[in-house]
Ligand code: DX5
Ligand code: ZN
């Protein structure tokens with residue numbers, strides 16, 4: 001299991017220290033939550049702060065867009081060369097076109113599904129994607145409880161991708177901790193995002209390692 005700590009739960013007064021700490025602790029990606037105050041009722045960070053994160057991160061960035069105008073934000077963050085940019089299917093009229101655009105910028109495209117969105121909604125996009133991110137909380141805030149219907153959703157998505165021999169990864173975001181990690185692993189999940197579980201832990205390295213099962 002790969003682990004992408006979400007810097008939403010980091011100490012923003014010591015952001016460089018926290019980003020360096022999780023990278024040195026062996027995380028696999030640095031998860032960056034971009035919220036615009038419209039798609040979700042919260043506002044986070046833009047390219048000025050994310051470029052500072054990119055400058056001190058020694059692990060690839062996984063940018064999770066929670067915004068209304070996906071194309072605008074893709075263009076804004078592309079120069080920072082993240083590994084992944086993920087956008088919400090619920091907010092995109094032309095997902096196939098946007099996937100092509102992200103790939104043309106040299107970035108791996110990913111789609112995010114809110115808790116109510118079935119995996120079948122992206123069946124005909126799956127072969128074009130490098131990752132699908134399943135929300136296990138309602139997007140907008142860290143520290144919420146895990147919605148366990150994501151386990152069945154991940155299992156169904158796992159069957160779907162195996163059927164087409166896809167290498168697309170399955171990522172789960174929200175409320176992930178050492179109690180639900182085994183269930184996620186058994187459902188076929190490849191990457192977990194963990195915000196509060198990692199950053200509120202006094203031993204962040206140990207917290208990351210406890211999820212890398
Ligand atoms: C929620 C964000 C998550 C969040 C996860 O909208 O997408 O990445 O930071 O935080 P925890 O792990 O605390 O649920
Ligand atoms: Zn996220």
All conditions in (1) without any contact (Cβ under 8 Å) to a residue 60 or more places away in the chain; (2) over 18 Å from residue 189 (Cα atoms) are true of residue 140 except (1)
Does residue 198 meet the test of being part of a loop (DSSP other than H, G, I, E, B) and on the phi < 0 side of the Ramachandran plot? no
If I ask for residues that are part of a loop (DSSP other than H, G, I, E, B) and buried (at least 23 other Cβ atoms within 10 Å of the Cβ), which ones from the range 46-66 would you list? none
Quick check: is even one residue across the range 1-9 assigned to a loop (DSSP other than H, G, I, E, B) and either within 14 Å of ligand 1 (Cβ to nearest atom) or touching a residue at least 40 places away in the same chain (Cβ under 8 Å) (or both)? yes
Any idea which residue in the range 185-200 is farthest from residue 157 (Cα to Cα), counting only those that are in contact with a helix residue (DSSP H, G or I) (Cβ under 8 Å, 6 or more places away or on another chain) and within 15 Å of ligand 2 (Cβ to nearest atom)? 199
Those residues of the range 179-213 which are loosely packed, with under 14 Cβ neighbours inside 10 Å and out of contact with any strand residue (DSSP E or B) (no Cβ under 9 Å at 6 or more places or on another chain) amount to 179, 182, 186, 200, 202, 203, 206, 213
Condition first: without any contact (Cβ under 8 Å) to a residue 40 or more places away in the chain and either near ligand 1 (Cβ under 10 Å from one of its atoms) or under 16 Å from residue 28 (Cβ atoms) (or both). Now tell me which residues in the range 173-205 satisfy that. 174, 175, 177, 197
Take residue 170 and tell me if it is more than 10 Å from ligand 1 (Cβ to nearest atom) and either at positive phi or surrounded by 14 or more Cβ atoms within 10 Å (Cβ to Cβ) (or both). yes
Just one listed residue, out of 133, 125, is farther than 22 Å from residue 60 by Cβ and in contact with a strand residue (DSSP E or B) (Cβ under 7 Å, 6 or more places away or on another chain), and it is 125
If I filter the range 71-82 for residues that are free of Cβ contacts under 8 Å to residues at least 40 places away in the same chain, more than 12 Å from ligand 1 (Cβ to nearest atom), part of a helix (DSSP H, G or I) and within 27 Å of residue 201 (Cβ to Cβ), do I get at least one hit? no
Is it true that residue 153 is in a helix (DSSP H, G or I) and in contact with a strand residue (DSSP E or B) (Cβ under 6 Å, 6 or more places away or on another chain)? yes
Can residue 138 be described as over 27 Å from residue 35 (Cα atoms), out of contact with any helix residue (DSSP H, G or I) (no Cβ under 7 Å at 6 or more places or on another chain) and assigned to a loop (DSSP other than H, G, I, E, B)? no
When you scan the range 110-131, how many residues do you find that are under 16 Å from residue 166 (Cα atoms) and within 16 Å of ligand 2 (Cβ to nearest atom)? 3
Say whether the condition of being crowded, with 18+ Cβ neighbours inside 10 Å and within 20 Å of residue 102 (Cβ to Cβ) is met by at least one residue in the range 2-20. yes
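Read-outs throughout are calculated quantities, based only on the coordinates presented, and are distinct from any laboratory measurement. What you are looking at is a predicted structure, and each value in this text was computed from that prediction instead of being measured. Note: ideal-geometry Cβ built from the backbone for every residue, glycine included; neighbour counts use all protein chains shown.
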